[in-house]
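Below is one structure, written out as structure tokens; the observations come after it.
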Amino acid sequence: MDCIFCKIANGEIPTNKVYEDDKIIAFNDLEPKAPVHVLIIPKEHICCADELNEENSAIVGYIFSKIPVIAKELSLDGYRVVNNCKENGGQTVFHLHFHLLGGTKLSGDFA
Ligand code: AMP
Ligand code: ZN
């Protein structure tokens with residue numbers, strides 16, 4: 001499957017990693033929309049939030065259990081987590097990911 005985030009997850013495409021374990025990887029967004037803009041993805045390919053179900057959604061809880069760890073590593077004092085789902089939700093890379101934004105006082109706009 002030709003998925004850029006799968007290639008990042010399996011090391012085929014090098015990236016600026018901020019966290020990695022056996023299930024997830026977090027790396028800097030290529031086009032940051034805030035002083036800190038990290039993407040957190042499951043290594044398993046799931047297209048989007050709309051494809052989550054009882055069988056595969058435990059990874060979302062796992063990701064959220066690691067967000068405070070990643071935020072602490074990045075010295076974030078408050079942050080925003082964003083998920084864009086499918087084209088009408090603004091999703092451009094179709095491998096589930098959460099944007100972690102911070103490093104400033106964020107405005108009310110969605111990223
Ligand atoms: P979304 O619009 O929610 O699908 O977000 C996709 C994000 O992936 C955008 O913020 C892009 O800047 C980012 N992106 C695309 N390709 C890469 C890459 N190779 N490395 C890091 N970030 C990327
Ligand atoms: Zn993928």
Residues of the stretch 95-111 classified as closer than 17 Å to ASN28 by Cα and either among the basic types (Lys, Arg) or within 13 Å of ligand 1 (Cβ to nearest atom) (or both), total: 8
The lone exception for CYS48 - which of (1) out of contact with any Asp or Glu (no Cβ under 7 Å at 6 or more places or on another chain); (2) closer than 15 Å to LEU100 by Cβ; (3) within 16 Å of ligand 2 (Cβ to nearest atom) it fails: (2)
Subset of the stretch 43-82 (residues that are within 16 Å of ligand 1 (Cβ to nearest atom), over 18 Å from VAL18 (Cβ atoms) and surrounded by fewer than 18 Cβ atoms within 10 Å (Cβ to Cβ)): HIS45, CYS47, ALA49, ASP50, GLU51, LEU52, VAL60
Selection count, the stretch 8-37, where residues are within 15 Å of ligand 2 (Cβ to nearest atom) and not small (Gly, Ala, Ser): 9
Only one of ILE4, ILE40 that is open to solvent by less than 30 Å² (accessible area, probe 1.4 Å) and within 16 Å of ligand 2 (Cβ to nearest atom): ILE40
Residues of the stretch 55-111 satisfying the condition of being within 16 Å of ligand 2 (Cβ to nearest atom) and touching a strand residue (DSSP E or B) at 6+ places or on another chain (Cβ under 9 Å): ASN56, ILE59, VAL60, ILE63, ASN83, ASN84, VAL93, HIS95, LEU96, HIS97, PHE98
Some residue of the stretch 16-24 being of a type outside the set (Gly, Ala, Ser), within 11 Å of ligand 1 (Cβ to nearest atom) and crowded, with 17+ Cβ neighbours inside 10 Å: no
Test for PHE27: is it within 15 Å of ligand 1 (Cβ to nearest atom) and open to solvent by less than 70 Å² (accessible area, probe 1.4 Å): yes
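The values are calculated or read from the model by the stated rules, or taken from the named source; none is laboratory data. Predicted model, so just to flag it, every value in this text is computed and none were measured. Cβ coordinates were reconstructed from backbone atoms using ideal geometry, including for glycine residues, and neighbour counts include every protein chain displayed. Remember, those area values only see protein heavy atoms, side chains included, never the ligands or the DNA or RNA. Shrake-Rupley method; radii C 1.70, N 1.55, O 1.52, S 1.80 Å.
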